[in-house]
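Engineer: Before I ask anything, let me first share the structure, which is written out below as structure tokens.
The values are calculated or read from the model by the stated rules, or taken from the named source; none is laboratory data. Since this is a predicted model, take the numbers as computed values, not measurements. Here Cβ is always computed from backbone atoms with ideal geometry, including for glycine, and neighbour counts include all displayed protein chains.
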Amino acid sequence: MLDRVTTVENAVRQYVQSAQTIMVGGFGRGGVPFTTVKFIADHANEYRNLTLIKNDANEPGIGIDALFRQGQVNRLIATHIGLNPEFIRRMNDGEVECELIPQGIFAEKIRAGGAGIPAILTDIGLGTEVEAGKRKFELNGRTLLVEEALRGDVALIRADRADRAGNAWWRGSNRNMCVVMGTACKRVIVEANEIVDVGTLTPENIHLPSVFVDAVVPAGPLPHGDANAA
């Protein structure tokens, strides 16, 4: 069986490029691929003009905040930015574009992208700023918004455990958006807290099968030594 374990440097240099749309897993700290993101931030001149799709903007000083501070991101598609006042300032100053999407719709748009569905219909957001610029569809007497699916060039996600073939497992809420993002991108890099031999994970406990994964890389410690973000 193909061994997909490699270094963070090899994985990023093989699959990540400037001007890509990159999905980044995690909410808060759980599921965030801090090690992979740090490599991209440490090589800021090589990775620029990025569009990021992530549930939140992280907190100041951790995760994707480094990419914002170094001007590597042109656009963020997210559900929540309130924990990062510096990002909000940059957004208000026009340094970075931000599209905010209700969290359930955000997840469903990514799931649709992974399932090959071009768009979903929803009544969420009607009569609010969410509907601005979006097409509407009449169905059985109801007006619905057309929400186009989200897809990316590369998914960066962090699993609690992955085997050498790329099968991945998450503990609790660390799974968050990671699994659907792993199905909705052309390439997937799984950063794993623990890398195990093939056969260690029982089939019924695999959340993301190896067929979706291109590279498995070892994860470094979480910020501030927090080894068990929920």
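Engineer: Could you tell me whether A149 is modelled with pLDDT of 95 or more, surrounded by fewer than 23 Cβ atoms within 10 Å (Cβ to Cβ), touching a Lys or Arg at 6+ places or on another chain (Cβ under 9 Å) and not acidic (D, E)?
Structural biologist: Considered against the rule, which asks whether it is modelled with pLDDT of 95 or more, surrounded by fewer than 23 Cβ atoms within 10 Å (Cβ to Cβ), touching a Lys or Arg at 6+ places or on another chain (Cβ under 9 Å) and not acidic (D, E), A149 comes out as yes.
Engineer: Within region 182-201, how many residues turn out to be hydroxyl-bearing (S, T, Y) and more than 29 Å from A112 (Cβ to Cβ)?
Structural biologist: Result for region 182-201: 1.
Engineer: Under 7 Å by Cβ, and 6 or more places apart or on different chains, what pairs join a residue from region 109-123 that is over 14 Å from K186 (Cα atoms) with one that is exposed (fewer than 15 other Cβ atoms within 10 Å of the Cβ) and aromatic (F, W, Y)?
Structural biologist: L121/F137
Engineer: Can I ask one more? Mind checking which residues of region 134-170 are at negative phi, over 17 Å from the mean Cα position of the chain (by Cα), not in a strand (DSSP E or B) and not aliphatic (A, V, I, L, M)?
Structural biologist: Those that are at negative phi, over 17 Å from the mean Cα position of the chain (by Cα), not in a strand (DSSP E or B) and not aliphatic (A, V, I, L, M): K134, R135, R164, N167.
Engineer: Which of the residues belonging to region 16-64 are closer than 21 Å to V217 by Cβ and among the acidic types (D, E)?
Structural biologist: Correct list: D42, E46.
Engineer: Within region 41-58, is there a residue that is in a loop (DSSP other than H, G, I, E, B), of a type outside the set (F, W, Y) and in contact with a His (Cβ under 9 Å, 6 or more places away or on another chain)?
Structural biologist: Scanning region 41-58, I find at least one residue that is in a loop (DSSP other than H, G, I, E, B), of a type outside the set (F, W, Y) and in contact with a His (Cβ under 9 Å, 6 or more places away or on another chain), so the answer is yes.
Engineer: Could you check A230 against (1) at pLDDT below 95; (2) out of contact with any Gly (no Cβ under 9 Å at 6 or more places or on another chain); (3) in a loop (DSSP other than H, G, I, E, B) and say which number it fails?
Structural biologist: (2)
Engineer: Residues R142, R175, R164: which one is touching a residue at least 12 places away in the same chain (Cβ under 8 Å) and within 20 Å of V24 (Cα to Cα)?
Structural biologist: Result: R175 is the single residue among R142, R175, R164 that is touching a residue at least 12 places away in the same chain (Cβ under 8 Å) and within 20 Å of V24 (Cα to Cα).
Engineer: Of all the residues that make up region 89-130, how many are outside any strand (DSSP E or B) and surrounded by 15 or more Cβ atoms within 10 Å (Cβ to Cβ)?
Structural biologist: Counting residues in region 89-130 that are outside any strand (DSSP E or B) and surrounded by 15 or more Cβ atoms within 10 Å (Cβ to Cβ) gives 19.
Engineer: Against the definition (surrounded by fewer than 21 Cβ atoms within 10 Å (Cβ to Cβ), farther than 19 Å from V37 by Cα and touching a Lys or Arg at 6+ places or on another chain (Cβ under 6 Å)), how does T183 come out, yes or no?
Structural biologist: It is false that T183 is surrounded by fewer than 21 Cβ atoms within 10 Å (Cβ to Cβ), farther than 19 Å from V37 by Cα and touching a Lys or Arg at 6+ places or on another chain (Cβ under 6 Å).
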